[in-house]
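J.: I am attaching a structure below and will ask some questions about it afterwards.
The values are calculated or read from the model by the stated rules, or taken from the named source; none is laboratory data. Computed from a predicted structure; not experimentally measured. When we count neighbours, we look across all protein chains shown, and the Cβ atoms used for this are built from the backbone with ideal geometry, even at glycine. Areas reflect the complete protein model, heavy atoms only, side chains present, ligands, DNA and RNA absent. Shrake-Rupley method; radii C 1.70, N 1.55, O 1.52, S 1.80 Å.
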Amino acid sequence: MRDRKFWRLIGPALVALLGVSCIDKLPTNTGSALLYVFDGSSHAVLAWTDVAAIYDATSAEAASRTITSSAKIGSTFTLGLGGMALDSSRQNLYLVAATGGKVVQISRIGSQAGELSSADVLAFTIDDTGTDAATGGGSPVFGQAAVDTSSNTLFVTESNGINSQIWAIPLGAIADGSTVASTGSNIIGNTKLTSGTHDTGCTGVASNGSGVTYAFFHGGDTLNQGGTTSNPPFAAPDRIRKGVASGFDRWDNVILGQSGSAITLLAQFGNLAYDTSSDTLYAACQNGTATPLLAFGSGQFSASGPAEAAPVFAFGGPSDLRVIAHASQKDWVVGASPAGSSLWIWKGPSTGVDAHVSVPLSGVQIYGLALDGRN
């Protein structure tokens, strides 16, 4: 009798407790997330309060905030494609100029509006003299940027069409008016240096925020399993690498588009974005197909050598998709064509369901995107 009474009293509470414990991770979290866009026409950062509201309405009103700096950004500043990175934990936004090596840091980005005060914006210069991307080939261009908060590192891609590299800049070394050179920063994924991967045409970089770094390259050396030339060669132009903040293994943890990219769907140009909740890497590929947004699992990269892995998901979008961003803890991806005026939004892509919309942003040229999904 006592046992029946005990379970009658405690049963509902136990069921509720078990129910809560089972909801450890929802399959998708598409709650609100702040959207930031760098507009190449006005040379301003535009902010919208909620990307979910834009998706639901399939239209966008004027930005809720417009952030400018005539002193640090100005009318001559051209952002590298994907060259906008958000450090959501510190609320710093980084803008990387396509040429010249200028990088702008905006602090307290979540509360900024209008012309920035001198206390809230700084600029420094990357000096690429003597580096791989500054020698041979065409003129060097800076591209995508990413932040790894665990190692306090800002990553910036640079390529001259042949040689390329990724700058790994310590956030502690950043100061207004300073110059960052190769002697004060780690340069990873180099094309020619012995310590590099000998890859070419780097246009994409992403971090999982916990010390793992991903990079997108257009080409590079033929690779052999385990680095042993007696093993079958893996020759392919396009590749994505997985490494750490200090660099990549030359032979391992790389996905190659060996069969003319028919399996991987990789292409010449690409940007990357990482979903920290589902450990998924998204790649924007200008592959000329109807599915330019690809998703790869972190476990698809093999520690025993190169692999030709098909994406776990492929999503519809513009065939020239070039810039993407993920909301980190929220399940949203946004993207755009080069200097495009249409914002593409994918809702809950971690589920594999292709639920996307295209929303025009009148008068805007999208060069960079960022999402803040902290709340």
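J.: Can you pull out every residue in region 59-103 that is over 21 Å from Thr153 (Cβ atoms), in a strand (DSSP E or B) and open to solvent by less than 30 Å² (accessible area, probe 1.4 Å)?
T.: Ile67
J.: Right, something else. Take the residues in region 136-150 that are open to solvent by 50 Å² or more (accessible area, probe 1.4 Å) and on the phi < 0 side of the Ramachandran plot; name whichever of them is nearest to the chain's Cα centre (by Cα).
T.: Applying the filter and picking the extreme gives Thr149.
J.: Let me ask you something else. Any residue at all in region 185-195 that's over 17 Å from Gln300 (Cβ atoms), of a type in the set (Ser, Thr, Tyr) and out of contact with any strand residue (DSSP E or B) (no Cβ under 8 Å at 6 or more places or on another chain)?
T.: Yes, region 185-195 contains a residue that is over 17 Å from Gln300 (Cβ atoms), of a type in the set (Ser, Thr, Tyr) and out of contact with any strand residue (DSSP E or B) (no Cβ under 8 Å at 6 or more places or on another chain).
J.: Oh, and also: Of all residues in region 342-362, which are open to solvent by less than 60 Å² (accessible area, probe 1.4 Å) and within 21 Å of Ala62 (Cα to Cα)?
T.: Selection gives Ser342, Leu343, Trp344, Ile345, Trp346, Val357, Ser358, Val359, Leu361.
J.: Considering only region 314-336, I want to know if a residue exists there that is in contact with a Pro (Cβ under 9 Å, 6 or more places away or on another chain), open to solvent by less than 20 Å² (accessible area, probe 1.4 Å) and hydroxyl-bearing (Ser, Thr, Tyr).
T.: No, region 314-336 contains no residue that is in contact with a Pro (Cβ under 9 Å, 6 or more places away or on another chain), open to solvent by less than 20 Å² (accessible area, probe 1.4 Å) and hydroxyl-bearing (Ser, Thr, Tyr).
J.: Taking the criterion of being of a type in the set (Ser, Thr, Tyr) and either open to solvent by 50 Å² or more (accessible area, probe 1.4 Å) or in a loop (DSSP other than H, G, I, E, B) (or both), would at least one residue in region 215-223 satisfy it?
T.: yes
J.: Looking at region 331-349, which of the residues that are touching a Ser or Thr at 6+ places or on another chain (Cβ under 6 Å) and not in a loop (DSSP other than H, G, I, E, B) is nearest to Gly297 (Cα to Cα)? Spell out how you get there, then give the answer.
T.: Step one: filter region 331-349 for residues touching a Ser or Thr at 6+ places or on another chain (Cβ under 6 Å), giving 331, 342, 344, 347-348.
Cutting the leftovers down to not in a loop (DSSP other than H, G, I, E, B) gives us 342, 344, 347.
Details: Ser342: 28, Trp344: 22, Lys347: 18 Å.
Only one residue fits best here, namely Lys347.
J.: Follow-up question, since we're still on this one. So which strands (runs of 3 or more DSSP E) are wholly in region 251-290 and hold at least 2 residues that are in contact (Cβ under 8 Å) with a residue 60 or more places away in the chain?
T.: Working: elements: 254-256, 270-275, 280-285.
Ranges flagged: 270-275, 280-285.
J.: A further question follows. Every residue in region 151-206 that is open to solvent by 20 Å² or more (accessible area, probe 1.4 Å) and in a strand (DSSP E or B), please.
T.: The answer is Pro170, Thr179, Ala181, Asn186, Ile187, Thr200.
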